[in-house]
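Colleague: Just dropping this structure here.
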Amino acid sequence: MRLFTCSSCGNLLYFENVACLQCNSELGFVPEERLLDVITPFDKNGSGYILAANEKSYRKCRNYYKHAVCNWMIDAAENEEFCIACQLNRTIPNLSIEKNKDLWNKLEIEKRRLVFSLLQLGLDVRSKNKHPNGLAFDFLADHGENFSERDRVMTGHDDGLITINIAEADPVQREKMRTSMEEHYRTILGHFRHESGHYYWDQLIKNTDDLREYRDIFGDESQDYSAALDRHYKEGPPDDWKEHFVSVYASSHPWEDWAESWAHYLHIMDTLETAYSFGIHIEPRTLNGDDLAVKISFSPYMERDFNTIFEHWLSVSFALNSLNRSMGHAHAYPFVISPSVVTKLDFIHKIILKNTERI
C-alpha cells in the first residue's frame, strides 16, 4: 500500500480516511491514479469536487455520501453512480438489520484494499453487471438463529461471482471459524485475495497457452474437485505438505493451491510496497544479522525479478513477526515458504507481468 499525505497540512493519511485527522480537510480517493488527497466542492449543491493533487473534477461514489462506507471518487465526466470498487457489488447486506452496516463497512474496507492491489498490478477490474466475464460480489448472511449447516452461506467463487459470508467481518465469529478449521491465519482480506485468485485463474490461465506450465507446477486441475475436497477433509493433507504447499488447504486441489498461492503473492506485494513507502531499512544488531539486512529501495510492483522480491520479503516478514511477538500477538505472517512454493509465486508473478503493461 502506498503512503498518502494531506496536501493541506502534510499529515500522514490512512487509506480509509474520509477526513484529515489534523486539519479536518475532506478527502477522496481516485482509483485511476491511486491518489488520496483533499477534495474541495466547486458547485453550490456540493456534488462536484476538485482533487487538490491534480485539480481535476470528480463526484463522490453513492456509497460515500449515502452510506459512508466508501471514500472513492468518480471522474465527473463519467455517467456512473458508483466508483469502480462499488460497481462490483451485486448484493449488499440488509441494512435494516442492526450491525449489518458496520459489518458491511469492514468488508468494503478490505475489498477496496484488494481492488487497489489489482489496479497496482495492472489487472483488468470490470464489473460483472456490465461484462459477462467481469467480477461481482455477494455479501450475504446466514438466515435466522437456528439455521442448519446445510443452509450456511459459504464463502466462495463461481464464474466471477465471489460470495462472502458477512459473519467473516465479526471478529468473534471469524475466530470461532478459524479455530474450528484449525487454521493459523484467517482474515477478511485473506478471503478476498484467495477468492480473487479463482477469478483470475479463469482470466489468466484457463484456455491459454500457459495452462500446460501451470499443470506442471500446480498439478492437473481437471481432477474431480468435489472428490478432492472430500478426500482432503476426511484424510487430511499429505505428510510432506509443507515441502510443496503454502498451507494445508492448498494441498486439497490444484485450483486451491493456485488461489492460496495467489493470496500469498498479494500479501507479499502489498506489504513490501508499504515497507517501501515507509523507507524501511532492516539492519539487525546481531552477529549473524547480515543475512537479514535489507533496504526496501524499490516498489515490488515495478520489479520483474521475483527472487529479488522474495529475498526482501524474508527479512521484512521476520522483522514483522518479531514486532508482533513483542506486542504479545501471534506472528503476523505464520508461514514458512518452501522452494516449491517460491516456484509457484514466481510463476504467478511472470503470468501477471505477461498479461499487463506495468513494466
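Colleague: Any idea which of Leu51, Met154, Asn207 is furthest toward the positive side of the dipole for the chain, if Lys and Arg beta-carbons carry +1 and Asp and Glu beta-carbons -1?
Modeller: Comparing the listed Cα positions along the dipole, Leu51 ranks first.
Colleague: May I pose another question? Loop only by DSSP, 12 or fewer other Cβ within 10 Å of the Cβ. Give me the GluC sites (Glu not before Pro) in region 86-189 that pass, ordered by residue number.
Modeller: Sparse-neighbourhood loop GluC sites (Glu not before Pro): Glu98, Glu145, Glu182.
Colleague: If you count only protein heavy atoms and use a 1.4 Å probe, how large is the accessible surface of Asp346, to the nearest 10 Å²?
Modeller: So the heavy atoms of Asp346 present about 40 Å² to solvent.
Colleague: A further question on this structure: Report the FRET efficiency, 1/(1 + (r/R0)^6), for Asn11 and Asp75, where r is their Cβ-Cβ distance and R0 is 25 Å, rounded to 0.05.
Modeller: Details: r = 26 Å, r/R0 = 1.05.
Working from the Cβ atoms, E equals 0.45.
Colleague: How large is the Rg to Rh ratio of region 1-133 when both quantities use alpha carbon positions and Rh follows Kirkwood?
Modeller: On the way: Rg = 14.8 Å, Rh = 15.5 Å.
Here the Rg-to-Rh quotient is 0.96.
Colleague: In a Gaussian network model over the chain where Cα atoms closer than 10 Å are linked, find which of His349, His143, His191 has the largest mean-square fluctuation.
Modeller: Highest fluctuation of the listed residues: His143.
Colleague: Here's something else I'd like to know. Per residue, how much accessible surface does region 287-337 expose to a 1.4 Å probe? Answer in Å², no decimals.
Modeller: Working: 3170 Å² over 51 residues.
Per residue, region 287-337 has 62 Å² of solvent-accessible surface.
Colleague: If you roll a 1.4 Å probe over the chain with all protein chains in place, what percent of the accessible area is carbon or sulfur?
Modeller: Ligands and nucleic acids excluded, carbon and sulfur reach 48 percent.
Colleague: How large is ³J(HN,Hα), in whole Hz, for each residue of region 200-207 in order, when computed from phi with the Karplus curve 6.51 cos²θ - 1.76 cosθ + 1.60 and θ = phi - 60°, using x for Gly and Pro?
Modeller: Once θ is set to phi - 60°, the couplings for region 200-207 become 6, 4, 4, 7, 10, 10, 4, 6 Hz.
Colleague: So which chymotrypsin sites (Phe, Trp or Tyr not before Pro) in region 282-359 pass both tests, a DSSP loop state and at most 10 other Cβ atoms within 10 Å of the Cβ? Before the final figure, lay out each step's value.
Modeller: Working: sites: Phe298, Tyr301, Phe306, Phe310, Trp313, Phe318, Phe335, Phe347; in loops: Phe298, Phe335.
Counting only loop positions with at most 10 other Cβ atoms within 10 Å, none of the chymotrypsin sites (Phe, Trp or Tyr not before Pro) in region 282-359 qualifies.
Colleague: Here's something else I'd like to know. Once label points are set 7 Å from the Cα along Cα→Cβ at both Asn207 and Thr187, what is their separation, rounded to one decimal in nm?
Modeller: About 3.5 nm, to one decimal.
Colleague: Equivalent-ellipsoid semi-axes (√(5λ), Cα gyration tensor) for the chain, whole Å, largest first?
Modeller: On the way: eigenvalues 215, 145, 89 Å².
Gyration-tensor ellipsoid for the chain: 33, 27, 21 Å.
Colleague: Using only the alpha carbons of region 92-246, determine the length spanned along each of the three principal axes and report them from longest to shortest in whole angstroms.
Modeller: Answer, in whole Å and largest first: 49, 40, 25 Å.
Colleague: With +1 on the Cβ of every Lys and Arg and -1 on the Cβ of every Asp and Glu, and nothing else charged, how large is the dipole of the chain about its Cα centre, in debye rounded to the nearest 20? Working shown, then result.
Modeller: Numbers: 39 positive and 55 negative charges, 209 e Å.
Here the chain has a charge dipole of around 1000 debye.
Colleague: I would also like to ask the following. Helix-derived [θ] at 222 nm for the chain: sum -39500 (n - 2.57) over DSSP H runs of at least 4, divide by residue count, nearest 500?
Modeller: On the way: 9 runs with 133 residues, N = 359.
So the helix-based figure for the chain works out to -12000 deg cm²/dmol.
Colleague: Please calculate how many Å² of accessible area region 1-127 carries per residue, with a 1.4 Å probe and no DNA, RNA or ligand atoms counted.
Modeller: Details: 6050 Å² over 127 residues.
Value for region 1-127: 48 Å² per residue.
Colleague: Among bridges DSSP assigns within the chain, what percent are antiparallel (round to 5)?
Modeller: Numbers: 20 of 29 bridges.
Antiparallel bridges make up about 70 percent of those DSSP assigns within the chain.
Colleague: At each listed q (0.20, 0.21, 0.22 Å⁻¹), what is the log10 of I(q)/I(0) that the Debye formula gives for region 187-263 modelled as equal alpha-carbon point scatterers?
Modeller: Here the Debye-derived log intensity ratios amount to -0.91, -0.99, -1.07.
Colleague: With just the Cα atoms defining each centre, how far is region 305-319 from region 1-71? Give it in Å.
Modeller: Each part's Cα centre sits 33 Å from the other's.
The values are calculated or read from the model by the stated rules, or taken from the named source; none is laboratory data. Bear in mind the structure is a predicted one, so any value in this text is a computation, not a measurement. Every residue, glycine as well, gets a Cβ built from its backbone with ideal geometry; the counts of neighbours run over all protein chains shown. Only protein heavy atoms, including side chains, enter the accessible area calculation; ligands, DNA and RNA are left aside. Shrake-Rupley method; radii C 1.70, N 1.55, O 1.52, S 1.80 Å.
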